[in-house]
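Q: My questions all concern the structure below.
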Amino acid sequence: MRAGFNNDTIFCQERAVVMTAQQKLFREVTMKKIIILGLLVLGLSGCGDDKDAEKTDIVQSALAEAEILSFVPADTPMFMSSGLSNDLYPDRYIEVMQDYMVNIANYVKVAFSDLNESMRQIDKDKQVMGDADLNKIEQFVDRWVVDGHFSKLGLKVGESQMVGYLVDLFPVIRIQLSEGHQISDMFADLDQQFTLSPQVQEQGGLAIREYTMDRMTVLAAHNDDYLVLSVAPTVIKDKLVTTLTGIEKPANNMAQNRNRLNAVKTRHGFVVDDMFVMDVQAVADYFINPDNYDAALLDFFQIEDNKLSPACKSEINAMLAKAPRLVAGATAMTDDRIDSAMIWEMDRELSQDMAQLAGRIPAADETAAFSFGMSVDILNSQKVLTKYIDNIINEPYQCELFTQFNQQAEAFRAKISQPLPPFIGNFKGFNMAFSDLKVNEQAANMNKPAEMIDSFKMQLALSVDEAQSLIGMAQMMLPQLQGMVLPTDGSLIPLKEQLPPNLMSLPVDLNSAYAAINNQTIGLSLGYPGGGNLSDLVKQEGQNLLISTTADAAGYKQMIEELFKLADMPQLSEEMKRQLESQKQITLNMLYWKQQKATVNFTDQGLTTRILTTY
C-alpha cells in the first residue's frame, strides 16, 4: 500500500460570476491571480524558436555545451527546447526572428486588450475585475512585453535558451536569460501592481516566489542567469521545491547523457537541438506500474499498483508500444527556408496499415493564396478496420476494461461489412485553392449579400476512380444536366455554354467558369481567365497524402484584408466590429513567412507532418 495524501479534487477553474457573498472575495482574488500569473506564462512561453541548421555532426556539439541541460533529467518523458543551437543559426534567421518578436509583442498586446474588453462585456457588474484592474493588466503588458519586445523578460533570439521538461511528472520551464533582462524588477512590479503576496525565500542562489491559488502553488524562481517556472500541489510543494527549481540537480542529467536526444535526431534527421519529445508510453507507465517509481505525484493521487490486473497492464503496454512517442524538430535550415517535421512514431505494421487510408489528393494551383486538400480511401479503410476487428474476435482482450470491445466486435464487423454506395467508393479526395478576393464594400454596407463579392479565383478538384460513372450518376439524379457535353480528355469545358438556363443565375461570373475532366479527376475553375492551368492540373497524377496545404503570405494577407472589410457593415454591432478588427490585427501580426507548405501522411516512421517554410 502506497503512502499518500487525501485525494481532494484539484481545481483552479472559476465558477460563474453570480456567487454567494461568502465566496465572492476569495473567488475575486483567485481569478485575479490566475489572470495576472497568466501574463507571465504567456509572455515567457510564447516566443521560442523552432528551427534548424545544416550539418548533424557539427550541431550535436551544441547539446554537450548547453549548461542548461544539467538541470534536465536524462530520462524525462517530455522534453522541449529552443535556442540550444544559437551559434549555429544562420544570421538572417536570427535577424528575421528577432524582428518577428515585435509582431509577437503586438499580438500579446492586442490579445490582452481583446481579453479585457471581453471581460468588461461579460462581467458588467464588476464582480470579478473592475476597470482599474483591467487597465493595470494592459499597462503591465505594455511596460514589460511590448516595450522592449520581450527583451526586459530576458528573451532575445540568438541569446536566450529555453527547455521544458518533467520532474516527477511535474512540468518545469527553465529559461537562460539574455543580457540586460529586468526579471527581478518585473516580479516586484507584478506583486505591487496586483497586490500579490507570494511567499518569498532565498535559497541556492535563487529568489523563489510561491504564488498559492486554491490547492496549487506556482513556483517562480530566478537569479541573474535563469528563470524557472513550475507548479505543484500546495500540500507537497515543500518536498519538491529544490528539485523543481534546480537547486538539487538530477544525478543523471542531459548534460552528461544525451543518448536519447541524439538517437531521436539521428533517426529523424533533425539538424539542431531544438526539438520536442513526448514519450507517451513512458508517462503512462507511471500509472500502469506505479511501484516502479518513487514519485510524489503518484503518492498525492494515491495511485496504487494493484489498480490494474496483470492482463490489463500487459495489453495496455502492448497498445502503447505500437505508437509510443511524439517527436518534432527541424530537418533543414538555411537563410531563407526552414523544413520541420512532427512524427507520431508507430511500429511498421501499424503505420503501413494506416498508410492505406490515404486516397489521392488531386493537383491544385500552388501559387494561390491558400489551398487545402484531403483524401481518404474508404474501401481500404474498411479493409484495415476489418483486420483489427478480426484480431479482437480471434484473440479477445483478457483485460476486464476492454470487455465491451469484445462483446461488440461481431456487431461492429457486420456494420462495416455493408456494401458502400457507388459514389462513396468512387471518391478518393479533393483539393481547393482560393485567391484574389475582391469585396464590394458598397454592397456590404447596403446589406446586399448576393453582390458583396466582386470577384475571386477558386479551383476545386475531385479525385475519383472513374469519372465517367460519376458523371452518369449525376446526370441521372439531375435531369437538367443530361444535355451537357462533358468530354473526359482533360480539355477545358466552358460552363457558360453548357449550363442549362435554370442554373445561369448562380452568383458568380460564368464567363470565367470552366471545368476539365479526365478519367480520375474532375476539376472546376472560377475567376481564372481562360480557365488558368486547370487542364494541365487535372492531367497530373496528384499525391497519395492524407492532407496537403499551401499558403502564400502576400495573397493570404490580401484575402484577409478584403474579408475584414466586411467588419464595417452597418448591421454589425460595435462589439462584433471590434472583435473582427482585433482578429485581423492578430492574424496579420503573425505573418513572418513568405510561403508555407504542409503535408500529413503515414510513413514507415508513423503519422508524419512535414512543414516547409520560406521566410
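Q: When the accessible area of region 170-268 is computed with all protein chains present and a 1.4 Å probe, what percentage of it is carbon and sulfur?
A: On the way: 1980 of 4360 Å².
Of the solvent-accessible surface of region 170-268, carbon and sulfur hold 45 percent.
Q: Based on the mean of other beta carbon atoms within 10 Å per residue, what is the order of 551-563, 404-416, most packed first?
A: 551-563, 404-416
Q: Students often check this: by mean Cβ neighbours within 10 Å, which of 228-234, 442-448, 285-291, 458-464 ranks highest, and how do the rest follow?
A: 458-464, 228-234, 285-291, 442-448
Q: In addition: Determine the share of region 322-431's accessible area contributed by carbon and sulfur atoms, expressed in whole percent, with a 1.4 angstrom probe.
A: Whole-percent figure for carbon plus sulfur exposure: 60.
Q: While we're looking at this one, here's another question. Probe of 1.4 angstrom, ligands and nucleic acids ignored: what's the accessible area per residue over region 570-615, in square angstrom?
A: I get 51 Å² per residue for this part.
Q: Also, I was wondering about something else. Could you derive backbone 3J(HN,Hα) for region 429-441 from the dihedral phi with the Karplus parameters 6.51, -1.76 and 1.60 (θ = phi - 60°), listing whole Hz in sequence and x where the residue is Gly or Pro?
A: Result, rounded to whole Hz: x, 8, 8, 9, 9, 10, 7, 6, 6, 10, 9, 8, 5.
Q: Starting from 0.36 nm per residue, how many nanometres of slack lie between LYS383 and THR334 once their C-alpha separation is accounted for?
A: 13.3 nm
Q: Beyond 27 Å, what share of the Cα-Cα pairs of region 299-435 is found? Please give it as a whole percent.
A: On the way: 4434 of 9316 pairs.
So the portion of pairs separated by more than 27 Å is 48 percent.
Q: Please give the charge dipole size of region 75-150, origin at the Cα centre, charges +1 on K and R Cβ atoms and -1 on D and E Cβ atoms. Round to the nearest 20 debye.
A: 200 debye
Q: Ok, one more. Please grab the % of Cα pairs in region 201-335 that end up more than 22 Å from each other.
A: Working: 5278 of 9045 pairs.
Above the 22 Å cut-off, region 201-335 has 58 percent of its Cα pairs.
Q: Rounded to the nearest 0.05, what FRET efficiency is calculated for ASN292 and ILE547 with R0 set to 45 Å and r the Cβ-Cβ distance? Walk me through the numbers before you get to the answer.
A: Values: r = 39 Å, r/R0 = 0.86.
Given R0 = 45 Å and the Cβ-Cβ separation, E is 0.70.
Q: Continuing with this model, one more query. Compare the Cα positions of PRO233, LEU134, LEU206 along the charge dipole of region 120-255 (+1 at Cβ of Lys, Arg; -1 at Cβ of Asp, Glu; about the Cα centre) and return the one farthest towards the positive end.
A: PRO233
Q: Using a 10 Å cut-off on Cβ atoms, rank the peptides 586-592, 206-212 from the highest mean neighbour count down. Mind dumping the intermediate values first?
A: Working: 586-592: 16.0, 206-212: 18.6.
Top of the packing list down: 206-212, 586-592.
Q: Please name whichever of LEU385, TYR397, ASN262 sits farthest to the positive end of the charge dipole of region 244-401, dipole taken about the Cα centre and charges placed at Cβ: Lys and Arg +1, Asp and Glu -1.
A: ASN262
Q: Counting only heavy atoms of the protein chains, get the accessible area per residue of region 198-331 (1.4 Å probe) and round it to a whole Å² value.
A: Details: 5720 Å² over 134 residues.
Value for region 198-331: 43 Å² per residue.
The values are calculated or read from the model by the stated rules, or taken from the named source; none is laboratory data. Worth saying up front: this structure is predicted, and the values here are computed from it rather than measured. Heads up, the Cβs are rebuilt from the backbone with ideal geometry, glycines too, and the neighbour counts pull from every protein chain shown. For accessibility, only protein heavy atoms count, side chains too; no ligands or nucleic acids. Shrake-Rupley method; radii C 1.70, N 1.55, O 1.52, S 1.80 Å.
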